[in-house]
Structure formats: C-alpha cells, structure tokens
Amino acid sequence: NAGVTQTPKFRVLKTGQSMTLLCAQDMNHEYMYWYRQDPGMGLRLIHYSVGEGTTAKGEVPDGYNVSRLKKQNFLLGLESAAPSQTSVYFCASSYSVAEQYFGPGTRLTVT
Amino acid sequence: AQSVTQPDIHITVSEGASLELRCNYSYGATPYLFWYVQSPGQGLQLLLKYFSGDTLVQGIKGFEAEFKRSQSSFNLRKPSVHWSDAAEYFCAVVHTGANNLFFGTGTRLTVIP
C-alpha cells in the first residue's frame with residue numbers, strides 16, 4: 001500500500017515550457033487535491049476533484065489545468081511555465097474533505 | 001470567508017519543555033479543525049482532528065489540542081517536547097459542506113538540546 005505517490009520528485013523548467021505532474025493513490029479515495037506550498041504562505045489549493053471525471057478550481061487555479069480520468073490518478077498540468085510557478089507541489093487524497101493524505105511533494109523550479 | 005491564523009512564525013523550545021502552538025480561525029459556525037505536521041522534505045501528516053464532542057482531542061506522537069469556541073482557537077500542546085518534534089506545524093479548517101481545507105501559514109518548531 002503505497003498511499004499517495006507523486007512523480008517527478010524534482011523538475012527544472014524553462015519559462016514557457018510545459019509539463020504534467022502525476023499523482024496516484026491506491027486508497028480508493030474519491031477526493032483528490034493539488035496544493036502549492038510557498039515560504040510564509042502555507043499550502044494553497046490549486047484545483048481539486050470530488051470524483052472521477054470531475055474537477056473544480058481552488059484558491060489559485062490560474063496557469064494550471066487538471067484532469068481526473070481515472071479515480072486513482074489526478075494530473076496537474078502547466079501549459080506555459082512561469083517563474084512565479086516555482087514552488088513545491090503537493091497532492092492529497094481523502095474519503096471526504098477531512099483527513100487528507102499527502103504525497104511527498106514535487107519541487108519545481110522555473111528559470 | 002473563513003481564515004486561519006497562526007500568529008507564531010517560529011518557536012524555539014528546549015527538549016523536555018512544554019509546547020503550545022496557537023491557531024485561531026474566523027468562521028461563523030464551528031468548523032472541522034485539524035493539525036498537520038511536516039518534517040523537512042516530507043509531505044504533511046495528520047496529527048489530530050476535531051469534529052464535535054469533547055473539546056480536548058488526543059493525537060499521535062503525544063500531541064493534544066483544545067477547541068475553545070469562545071476564543072475561536074484550537075491550540076496544539078505537548079507536555080514534553082522531543083528533538084524529533086522539530087518540524088513545521090499547520091493548522092487547517094473546513095466548514096461543513098465545503099470541499100477543501102484552508103491552511104494557516106505554519107509555525108516552524110526548533111528544539112534545542
């Protein structure tokens with residue numbers, strides 16, 4: 001039982017490049033979330049999903065897109081990376097909105 | 001709008017000393033309340049949660065928290081801190097019917113020998 005996994009762990013992008021972050025969970029959770037963590041700002045919700053095929057915007061959705069084609073996977077896409085998107089990205093999943101289980105994070109640097 | 005405030009950015013305590021980390025929330029009704037811990041380079045781990053009932057809740061690693069409605073607070077406590085407790089601690093809230101957590105900005109705990 002791996003819990004929540006994220007790939008890749010680290011990535012460096014140049015401004016304007018695109019990439020996709022993958023989150024996978026093996027706990028059969030309905031809810032999945034993408035957060036970004038920046039110094040002094042805690043975690044801020046980017047997008048979330050309440051079930052397969054559904055997505056919704058969170059607090060800071062601009063510049064990101066997501067897809068939940070399979071229940072166990074939640075993808076976060078950056079179509080045209082900007083230096084402001086340099087951050088640590090965390091995925092989480094849960095049975096309900098409470099008690100979220102977090103992945104280990106992806107450290108993204110955009111130069 | 002709901003918000004969470006953790007007034008202490010950084011706290012330093014001696015090993016064996018007691019600890020209290022503050023958390024205040026602003027929301028009309030009683031939300032669900034959580035404390036998470038993040039060790040360096042790791043994801044977040046749930047320490048404890050409050051939904052209803054007894055206002056003093058016990059969590060993992062010897063932590064407890066007390067919900068005080070009159071003060072809109074949910075402070076985290078530990079009677080005797082261990083060096084391994086050095087980490088960043090986040091308070092989070094969600095109100096019933098909502099789909100996401102709101103996190104505070106975190107308190108970094110340093111433990112000195």
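Inter-chain Cβ neighbour count for B:37-43, averaged per residue, equals 4 (cutoff 10 Å, partner chain atoms only).
The 3J(HN,Hα) values that the Karplus relation (6.51, -1.76, 1.60; θ = phi - 60°) gives for region B:104-113 are, in residue order, x, 7, x, 10, 8, 9, 10, 10, 9, x Hz. Gly and Pro appear as x. The Cα atoms of region A:47-111 cover 37, 22, 20 Å along the three principal axes, with the biggest extent listed first. What translational diffusion coefficient, in µm²/s and rounded to a whole number, does the Stokes-Einstein relation yield for chain B at 20 °C and a viscosity of 1.002 mPa s, taking the hydrodynamic radius as the Kirkwood radius over Cα pairs? Rounded to a whole number, D works out at 152 µm²/s. The Cα center of region A:1-70 and the Cα center of region B:8-62 differ in position by 24 Å. Here B:Ala29 and B:Ser80 are evaluated by their C-beta separation; at R0 = 41 Å the FRET efficiency comes out at 0.75.
Hey, quick one: spin label on B:Ser18, modelled 7 Å out along Cα-Cβ, who in region B:60-90 has an amide N within reach, i.e. under 17 Å? Taking a point 7 Å out along Cα→Cβ of B:Ser18, the residues of region B:60-90 whose backbone N falls under 17 Å are B:62-68, B:74-82. Scanning residues 5 or more positions from A:Thr86 or on other chains, those with amide H under 5 Å from its amide H are A:Val110, with H placed 1.01 Å from N in the peptide plane. For the residues of A:80-93, the average number of beta carbons from a partner chain within 10 Å of their own beta carbon is 1. Structural size metrics of the protein assembly as shown, computed from C-alpha coordinates, are Rg and Dmax of 17.6, 52 Å. Using C-alpha pairs under 8 Å with a sequence gap of at least 6, the mean separation divided by the residue count of chain B gives a relative contact order of 38 percent.
In this structure, the pairs whose alpha-carbon distance is over 31 Å, taken from A:Lys57/B:Lys78; A:Lys57/B:Lys49; A:Lys14/B:Lys61; A:Lys9/B:Lys78, are A:Lys57/B:Lys78; A:Lys14/B:Lys61; A:Lys9/B:Lys78. Remark: spin-label model distance B:Lys61-A:Glu59 equals 2.2 nm, labels positioned 7 Å along the Cα→Cβ axis. Once the Cβ-Cβ distance of A:Thr111 and A:Thr20 is raised to the sixth power relative to R0 = 25 Å, the FRET efficiency obtained is 0.85. Full extension of the segment from A:Glu99 to A:Asn28, taken as 0.36 nm per residue of separation minus the current Cα-Cα distance, would add 24.2 nm.
Rounded to the nearest Hz, the phi-derived 3J(HN,Hα) couplings of region A:5-21 under the Karplus curve 6.51 cos²θ - 1.76 cosθ + 1.60 (θ = phi - 60°) are 10, 10, 9, x, 8, 9, 7, 10, 10, 9, 3, x, 6, 10, 7, 10, 9, where x marks glycine and proline. One way to sum up the overall shape of chain A is the equivalent ellipsoid from its Cα gyration tensor, whose semi-axes run 22, 14, 13 Å, largest first. Amide hydrogen proximity for B:Leu48: with H placed 1.01 Å from N in the peptide plane, the residues at 5 or more positions away or on another chain lying under 5 Å are B:Trp35.
Read the figures in this text as sums done on the coordinates, not as results from a lab. Since the model is a prediction, treat every value here as computed from it, not as a measurement. Note that each Cβ is placed from the backbone with ideal geometry, even for glycine, and that neighbours are counted across all protein chains shown.
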